[in-house]
Amino acid sequence: MSEREVMDKVVGILKPYVKNEVALAAVSPETNILDDLEVNSARLVDVILAFEDTFGIQVADEDADTVNTVGDAVKLICSKVH
Amino acid sequence: MGAIPLGIAARPASPELSLGSKLAVLLQREVSRLTAPIWMPSAVGVLWLGFDYEVVGMERLRARYRRIRSQSDAPLLICANHLTMIDSAIIAWALGSPGWYLFNYSAIAWNLPERRNFAYSPASDVLSYLMKCLPVTRGGERAAVADVLNRFVYLLSQGEVGMIFPEGGRSRSGRVEIETAAPGVGRVVTALPGCRVLCVYLRGERQETFGSVPARGERLHLRLALMHPRSRYFGLRGSRDVAQQIVAKLAEMERKHFDARKRRRGSRRSRSGARRDASAV
């Protein structure tokens with residue numbers, strides 16, 4: 001799976017949790033999930049669990065702590081998938 | 001509910017924390033303990049005399065807390081519903097007297113207040129330091145939040161008590177909100193094998209929704225329930241499962257609180273009705 005495909009899937013997973021639709025429309029790897037997309041921090045765990053289910057990976061607590069931006073999520077998923 | 005008998009040897013291994021961080025929290029604990037004879041009676045004075053609060057059944061609550069503490073060496077985490085900014089102070093006051101705390105200092109719970117509310121100036125920073133707080137920025141950088149949680153877990157593994165509001169913030173609806181369960185609380189519990197959770201439901205008689213502080217002269221009711229949450233899942237899924245179990249317990253306690261309130265009001269109404277009937281006769 002290419003990074004582009006992972007990115008598209010990540011954005012799709014984030015969509016239901018995003019409060020700032022404008023930021024989502026202009027999403028880039030640098031977009032911060034909590035600050036820019038305004039995803040509730042309590043919901044971030046649901047997002048990461050959705051990553052696990054969608055990509056068939058397991059994310060440890062410590063790995064989850066490294067996810068701040070969309071790019072961080074993509075990088076983490078790619079490192080687990082490949 | 002009985003406690004899991006865990007001896008000192010069964011205490012969980014301390015989480016990975018640098019020596020510097022360990023020393024920093026232990027230093028904070030000692031500075032807090034040494035200054036407690038000043039700040040603790042002052043804080044109680046503000047609640048009792050300043051706000052004129054009354055905790056219903058305080059002696060019973062304190063006896064129960066003492067019993068829970070003495071039953072086991074296993075880590076103890078207090079999880080409460082959250083309606084006002086001073087809930088943790090009220091709960092601490094309800095569960096022990098200043099005199100008892102001075103000789104049982106680990107029984108005063110460590111808190112994880114939102115930095116923007118409690119550590120926003122040098123003065124509030126000092127106060128939160130003295131009052132066993134580890135300020136955290138909600139939604140802040142994940143690594144920074146994780147570092148605070150690790151310090152918190154370390155303290156609990158050393159026999160200190162901690163307090164968390166598992167809804168993650170004051171309940172905007174005025175009721176326990178199961179869907180806002182913050183997974184951080186589950187992460188703390190799953191990091192501490194055998195961890196006991198003391199659920200505390202707190203509400204004033206006239207308190208209908210969230211606010212800064214309960215109304216002056218409020219009569220405060222507390223309910224306690226000890227639980228040992230477990231999950232068949234691991235990692236994040238396990239943390240979320242445990243957090244949801246705790247918040248569900250708080251929601252159940254809330255239902256019991258309102259049922260009891262309805263019964264109290266019903267019996268008060270029927271008593272006053274009977275008095276009216278008697279005076280009419």
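The values are calculated or read from the model by the stated rules, or taken from the named source; none is laboratory data. These figures come from a predicted structure and were not determined experimentally. Cβ coordinates were reconstructed from backbone atoms using ideal geometry, including for glycine residues, and neighbour counts include every protein chain displayed.
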Subset tally (residues that are surrounded by fewer than 23 Cβ atoms within 10 Å (Cβ to Cβ), modelled with pLDDT under 85 and in a helix (DSSP H, G or I)) for the stretch B:155-196: 3
Any hit, the stretch B:197-213, residues being under 19 Å from the mean Cα position of the chain (by Cα), small (Gly, Ala, Ser) and not in a strand (DSSP E or B): yes
Lone qualifier among B:ARG64, B:ARG69 - being of a type outside the set (Gly, Ala, Ser), part of a helix (DSSP H, G or I), closer than 19 Å to B:ARG29 by Cβ and in contact with a strand residue (DSSP E or B) (Cβ under 8 Å, 6 or more places away or on another chain): B:ARG69
Restricting the stretch B:32-87 to residues that are among the β-branched types (Val, Ile, Thr) and farther than 27 Å from B:ARG151 by Cβ, the residue that is nearest to the chain's Cα centre (by Cα): B:VAL55
All positions within the stretch B:72-90 that are crowded, with 23+ Cβ neighbours inside 10 Å and of a type in the set (Val, Ile, Thr): B:ILE78, B:ILE90
Set A:PHE51, A:PHE55: member being free of Cβ contacts under 8 Å to residues at least 60 places away in the same chain, more than 13 Å from chain B (Cβ to nearest Cβ) and surrounded by 15 or more Cβ atoms within 10 Å (Cβ to Cβ): A:PHE55
Check on B:ALA109, more than 14 Å from chain A (Cβ to nearest Cβ), farther than 16 Å from B:GLN28 by Cα and modelled with pLDDT of 95 or more: no
Considering residues of the stretch B:214-228 that are part of a strand (DSSP E or B) and out of contact with any Gly (no Cβ under 7 Å at 6 or more places or on another chain) only, the residue farthest from B:VAL46 (Cα to Cα): B:MET227
Residue count, the stretch A:60-82 (criterion: out of contact with any Gly (no Cβ under 7 Å at 6 or more places or on another chain), part of a loop (DSSP other than H, G, I, E, B) and not polar (S, T, N, Q)): 3
Pair list, Cβ < 7 Å and 6+ apart or interchain, from the stretch B:173-189 residues that are within 11 Å of chain A (Cβ to nearest Cβ) to residues that are at pLDDT below 85 and part of a loop (DSSP other than H, G, I, E, B): B:GLU177/B:SER171; B:THR180/B:GLY168; B:ALA182/B:GLY168
Residue check for A:THR31: closer than 20 Å to B:ARG237 by Cα and among the β-branched types (Val, Ile, Thr): no
Residue selected from the stretch A:35-46 under the condition within 11 Å of chain B (Cβ to nearest Cβ) and touching a helix residue (DSSP H, G or I) at 6+ places or on another chain (Cβ under 6 Å), by the criterion surrounded by the most Cβ atoms within 10 Å (Cβ to Cβ): A:VAL45
Residue list for the stretch B:137-154, filter: polar (S, T, N, Q) and in a loop (DSSP other than H, G, I, E, B): B:THR137
Members of the stretch B:112-148 found to be free of Cβ contacts under 8 Å to residues at least 12 places away in the same chain and either charged (D, E, K, R) or away from chain A (no Cβ under 14 Å) (or both), listed by number: B:TYR120, B:SER121, B:PRO122, B:ALA123, B:SER124, B:ASP125, B:VAL126, B:GLU141, B:ARG142
Residue within the stretch A:39-50 that is within 14 Å of B:GLU141 (Cα to Cα) and touching a Gly at 6+ places or on another chain (Cβ under 7 Å) present: yes
Any hit, the stretch A:16-34, residues being surrounded by 12 or more Cβ atoms within 10 Å (Cβ to Cβ) and charged (D, E, K, R): no
Residue match in the stretch B:122-133 (condition: modelled with pLDDT under 95, hydroxyl-bearing (Ser, Thr, Tyr) and surrounded by 19 or more Cβ atoms within 10 Å (Cβ to Cβ)): yes
Hits in the stretch A:1-31 - residues which are in contact with a Ser or Thr (Cβ under 7 Å, 6 or more places away or on another chain) and either part of a helix (DSSP H, G or I) or at pLDDT below 95 (or both): A:LYS9, A:ILE13, A:ALA23
